[in-house]
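J.: Handing you this structure, nothing more for now.
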Amino acid sequence: MTNKRGVQIAVRGAAVLGALALSGTALAACGSNDKSGGDSTATGNTQVLNITLSNKGCAPPKSEIPAGPTKFQIKNSGGTKVTEVELMQGGRILAEKENLADSFSGSFTLNLKPGDYELYCPGAETERSPLKVTGEAASSSGSEAEQAALTKAISDYRAYVQDEVNQLVTNTTALQAAIDDGDVARAKKLYEPARLNYERIEPVAESFGDLDPRIDGRAEDFDSPEDFQGFHRIEMALWQDNTTDGMSPIAAKLVADTESLKKLVATLDIDAAQIANGATELMNEVANSKVSGEEERYSHLDILDMAGNIQGSEKAFTLLQPALEMTNKALATTVAQRFAEMNAAMEPYKAGDSYVLYNTLTADQVRELSRAVGALAEPLSEVAGAIVGKA
Amino acid sequence: MARQQRTDAARATFSRRRLLGAAGVIGAAGLTGGGFALGSAIATPQKETTAGDETPLYGEHQAGIATPTQDRMVFAAFDVTTGDVGAVKSMLAAWTVAAAAMCAGKQVGDNEKHPLSPPDDTGEAVGLPPSQLTITIGFGPSLFDERFGLAGRKPAKLVQLPHFAADQLDPRKSDGDICIQACANDPQVAFHAVRNLTRLGRGTLATRWMQLGFGKTSATSRAQATPRNLFGFKDGTNNIKGEDTAAMDQFVWVGDEADQAWMKGGSYLVTRRINMHIETWDRDSLKDQEAVFGRFKLSGAPLTGHEEFDAPDLAAKGDDGAEVIPTGAHIRLAAPSRHGGARILRRGYSFSDGADPTLGDFDAGLFFIAYQKDPASQFIAIQKDLAANDALNEYIIHTGSAIFACPGGLQQGETWADKLA
């Protein structure tokens, strides 16, 4: 489980992608303040929408535009009461440009999906102007071959996630049976494969709001100790208290939650950039909570979890690799090599069909693993931008 | 706001200095954007900035050695984690480009390449002036071991430091293949430099140790007053000053005698993490503290003089027949006359890493930095003597140690990779 900011994948029907909202913030931070402005309407495959910000408002030059990468080029012309423009949808800020005093210019760029949006400039006579985006969703600047590769990656990744969730339900149900039988040793053994299934697809699960905290929350994530539930509550009972007492209802709830996850995953709507960001998210999971030994504090199965995260991340990358090789071959080569190095770094800790316990590693070994994680995650974070093309 | 100011502020590759100086806080906040805009506007120091606020990366010697000591320092040492020397060289080239930008008060790289990509620059220095940032790099002896085929490029004088009496070195705070010394008058600017270079190097190298220095302890310019160390004493009164080019050439810069061409104009850097027993020092009498240093605490004058810069009279004896500057006094032991005239350029910083987790005592002291042209006859010779005889040893422990060869300066168009070519 990550912090709430990690939500990056949306369910079909949800209005806007989490990722888009997140990138909006980053975007505002790195958007340019330039004076060029110009009247060009397209650079590469990015359409440019020139917005004039004034005390009257911030109406777009046309109220309907096609979907795709769009640069909002904003210029404050005589606007003394207004300093910012936000792109909103359904009450959420997708991107914004702030601190545009009179005669300043700035821009933000994002890949617009079809739908109804608003440009919002607080303080103006007309604060909100509608913008309708029409046409096909999110076609990037890529060639047909790239598009075909990405389409295949998306469908293969969906299949992968569904397969993992199916196994998660099966393996969690088996864990529940062992708990109901009061068999601590068997339950401990069955805890492992279920964890692996979950850790491989964690970012997807995290996109479904409350489910991830219920399934994977740690003791301190709950408001009161009585609410502590999910995998780690069971882990605490099995390893710290060496019992299954009181765990049957917790196990039943966990199985029910994994079944809910399975239903939601069947409707998963995901795009290539989200798959790439999910791969990075998985490695950030490793960096923040696995390599530190925080996640599996009772069982010390952190290295096993880490393997799950790495496997899930590598699966996502492997599926995107053909498309990435068309857009940025050097990056594809680097990331593939770093995955190989990461796997080599994990190799010594394999023990049968599992991994050694985290608390058997020396400080130097932990640092070694941490370095491999950083070396991989850094270029991996560039993949999303590389596969959707220059905006 | 005048028209010219806005134009300046709005340059695509903007200068932090120009931005703040000309457009002021609004421009700075506009660039940081997002929810941090307000905080940034408040937090951004409105320093008076001038052209003198920038220290160029390029020159005959690396900046950060003869440069007047800045107020803050971030020092990082790295282990190279790849076996591919080509990757190391590519990284050094990328470092040069990034360092030149940062020293000029600009952001690193492309920060608008794609909304779905992380920006190249980490952003925390946007809106801050260059703050005299200098980035000095060095190569440790281990870089020239069997891993990279660079053994033939190793300068003979780059020797591993020997064990000195009472050393309690932590290997995780010692040594390293490559180092960065980033100094600036703003700690965030120095941190930003190390952070961004570390990020550029990820996968090629990894941080071995890092040290923040919060206050300079040496003056390297005649224009600077002598700062005090955490013992409360003026430190480095007789330090080599950057303006003294004859002394710089005699003691600091490697000259034509360089056995490796890349070391010409360079210097050897020694760092020592020296923990101070602050608690016991503070309970020591003034008289004893002054005897330990051989100087008066407030004035900084030698015990045989009245003013800070009075020459110590090491031979002077008191009425009791004992030496006025005691046998074990720090200034007696460190005196050039005792070491065949040898001097070093000191450029250290006070540090604190918080409280010692076991005892709750200060984990603080001096991050000692010295530059010289010949470690064997300079730092090593002096430190052998100090380690054995210095009265100060009762109050200090050396916990970290490293040596690096800092190559000569870069000409425009040249990169640090060229030094290992």
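J.: Which of the residues belonging to the stretch A:209-265 are farther than 23 Å from A:Asn288 by Cα, in contact with a Gly (Cβ under 7 Å, 6 or more places away or on another chain) and open to solvent by 10 Å² or more (accessible area, probe 1.4 Å)?
T.: A:Thr244
J.: What helices (runs of 4 or more DSSP H), lying completely within the stretch A:315-391, carry at least 2 residues that are away from chain B (no Cβ under 14 Å)?
T.: Values: elements: A:329-346, A:363-380, A:383-387.
Answer list for the stretch A:315-391: A:329-346.
J.: Among the residues of the stretch A:252-268, which ones are of a type outside the set (S, T, N, Q) and in contact (Cβ under 8 Å) with a residue 40 or more places away in the chain? Don't jump to the end; show me each part of the working.
T.: First, pick out the residues of the stretch A:252-268 that are of a type outside the set (S, T, N, Q): A:252-257, A:259, A:261-266, A:268.
Once the filter is applied, which keeps residues that are of a type outside the set (S, T, N, Q) and in contact (Cβ under 8 Å) with a residue 40 or more places away in the chain, the stretch A:252-268 yields A:Ala252, A:Leu254, A:Val255, A:Asp257, A:Glu259, A:Leu261, A:Lys262, A:Leu264, A:Val265, A:Ala266, A:Leu268.
J.: Filter the stretch A:44-61 for residues that are open to solvent by 70 Å² or more (accessible area, probe 1.4 Å), modelled with pLDDT of 90 or more and in a loop (DSSP other than H, G, I, E, B); which is nearest to A:Thr134 (Cα to Cα)?
T.: Checking each candidate, the answer is A:Pro61.
J.: If you don't mind, there's one more thing I want to ask. Only residues in the stretch A:84-99 that are closer than 16 Å to A:Asn111 by Cβ and in the same structural domain as A:Pro130 (by TED's automatic domain parsing) count as the first member; pair them with residues that are of a type in the set (Val, Ile, Thr) and not in a strand (DSSP E or B), Cβ under 8 angstrom, at least 6 apart or cross-chain, and list the lot.
T.: A:Gln89/A:Val16; A:Arg92/A:Val16; A:Leu94/A:Val16
J.: Still on this model: Residues that are of a type in the set (S, T, N, Q), within 14 Å of chain A (Cβ to nearest Cβ), in a loop (DSSP other than H, G, I, E, B) and under 27 Å from A:Thr334 (Cα atoms): does the stretch B:81-93 have at least one? If you could, list the steps in order and put the result at the bottom.
T.: Here is the first cut: in the stretch B:81-93, the ones of a type in the set (S, T, N, Q) are B:81-82, B:90.
From what's left, within 14 Å of chain A (Cβ to nearest Cβ): B:81-82, B:90.
Narrowing further to those that are in a loop (DSSP other than H, G, I, E, B): B:81-82.
Narrowing the set further to residues that are under 27 Å from A:Thr334 (Cα atoms) leaves B:81-82.
Checked the stretch B:81-93: at least one residue is of a type in the set (S, T, N, Q), within 14 Å of chain A (Cβ to nearest Cβ), in a loop (DSSP other than H, G, I, E, B) and under 27 Å from A:Thr334 (Cα atoms).
J.: Contact list please: Cβ distance under 6 Å, first residue in the stretch A:196-220 and not assigned by TED's automatic domain parsing to the domain that holds A:Leu168 and charged (D, E, K, R), second residue outside any helix (DSSP H, G or I) and open to solvent by 10 Å² or more (accessible area, probe 1.4 Å), pairs at least six apart or on different chains.
T.: none
J.: Any residue at all in the stretch B:293-301 that's buried (at least 16 other Cβ atoms within 10 Å of the Cβ) and part of a helix (DSSP H, G or I)?
T.: Within the stretch B:293-301, one or more residues are buried (at least 16 other Cβ atoms within 10 Å of the Cβ) and part of a helix (DSSP H, G or I).
J.: To continue, here is another question. In this structure, is B:Gly242 of a type in the set (Gly, Ala, Ser), open to solvent by 10 Å² or more (accessible area, probe 1.4 Å), under 17 Å from the mean Cα position of the chain (by Cα) and within 22 Å of B:Asp186 (Cα to Cα)?
T.: Yes: the conditions hold for B:Gly242.
J.: I'd like the full set of residues that are surrounded by 13 or more Cβ atoms within 10 Å (Cβ to Cβ) and without any contact (Cβ under 8 Å) to a residue 12 or more places away in the chain, limited to the stretch A:331-347. Give the derivation first.
T.: Applying the first criterion (surrounded by 13 or more Cβ atoms within 10 Å (Cβ to Cβ)) to the stretch A:331-347 yields A:331-339, A:341-343, A:345-346.
Within the stretch A:331-347, A:Ala332, A:Thr333, A:Gln337 qualify.
J.: Now, a different point. Could you count how many residues in the stretch B:145-196 are in contact (Cβ under 8 Å) with a residue 12 or more places away in the chain and either open to solvent by less than 10 Å² (accessible area, probe 1.4 Å) or farther than 30 Å from B:Asp385 by Cβ (or both)? Show your work before the answer.
T.: First pass over the stretch B:145-196, keeping only residues in contact (Cβ under 8 Å) with a residue 12 or more places away in the chain: B:147-150, B:153-162, B:164-170, B:172-196.
So of that shortlist, the ones also either open to solvent by less than 10 Å² (accessible area, probe 1.4 Å) or farther than 30 Å from B:Asp385 by Cβ (or both) come out as B:147-150, B:153, B:155, B:158, B:164, B:174, B:176-196.
Result for the stretch B:145-196: 30.
J.: From the list A:Asp257, A:Asp305, A:Asp271, A:Asp216, which one is touching a helix residue (DSSP H, G or I) at 6+ places or on another chain (Cβ under 8 Å), of a type in the set (Asp, Glu) and within 23 Å of A:Leu361 (Cα to Cα)? I'd like the intermediate steps shown before the answer.
T.: On the way: A:Asp257 fails: within 23 Å of A:Leu361 (Cα to Cα); A:Asp271 fails: within 23 Å of A:Leu361 (Cα to Cα); A:Asp216 fails: within 23 Å of A:Leu361 (Cα to Cα).
Answer to the check: A:Asp305.
J.: Would you tally the residues in the stretch A:86-133 being more than 14 Å from every other protein chain (Cβ to nearest Cβ) and either modelled with pLDDT under 80 or in a strand (DSSP E or B) (or both)?
T.: 18
J.: Which residue, of B:Gly236, B:Gly266, is under 28 Å from B:Ala417 (Cα atoms), open to solvent by less than 30 Å² (accessible area, probe 1.4 Å) and not aliphatic (A, V, I, L, M)? Don't jump to the end; show me each part of the working.
T.: Working: B:Gly236 fails: under 28 Å from B:Ala417 (Cα atoms).
None of the other options fit; the residue is B:Gly266.
The rows are residues; the columns are (1) over 25 Å from A:Arg233 (Cα atoms); (2) not hydroxyl-bearing (Ser, Thr, Tyr).
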site	(1), (2)
A:Ile303	no, yes
A:Asn309	no, yes
A:Ser313	yes, no
A:Pro322	yes, yes
A:Lys350	yes, yes
A:Val373	yes, yes
A:Ile387	yes, yes
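J.: If you don't mind, another one. Does any residue in the stretch A:350-361 that is closer than 14 Å to A:Arg195 by Cα come within less than 9 Å, Cβ to Cβ, of a residue that is crowded, with 16+ Cβ neighbours inside 10 Å and small (Gly, Ala, Ser) six or more places away or on a different chain, and which pairs are these?
T.: Listed pairs, sorted by first residue: A:Ser354/A:Ala307; A:Tyr355/A:Ala307.
J.: Within the set of pairs 6+ apart or on separate chains, which have a first residue in the stretch B:197-211 that is under 23 Å from A:Ala336 (Cα atoms), a second that is in a loop (DSSP other than H, G, I, E, B), and C-beta atoms under 6 Å apart?
T.: As it stands, the answer is B:Thr204/B:Thr82; B:Leu205/B:Thr81; B:Ala206/B:Thr81, since those pairs meet every condition given.
The values are calculated or read from the model by the stated rules, or taken from the named source; none is laboratory data. On a predicted model such as this, the values are computed, not experimentally measured, just so you know. Glycine also receives a Cβ, built like all others from the backbone with ideal geometry; neighbour counts cover every protein chain displayed. The accessibility values were calculated without ligands, DNA or RNA, using every heavy atom of the protein model including side chains. Shrake-Rupley method; radii C 1.70, N 1.55, O 1.52, S 1.80 Å.
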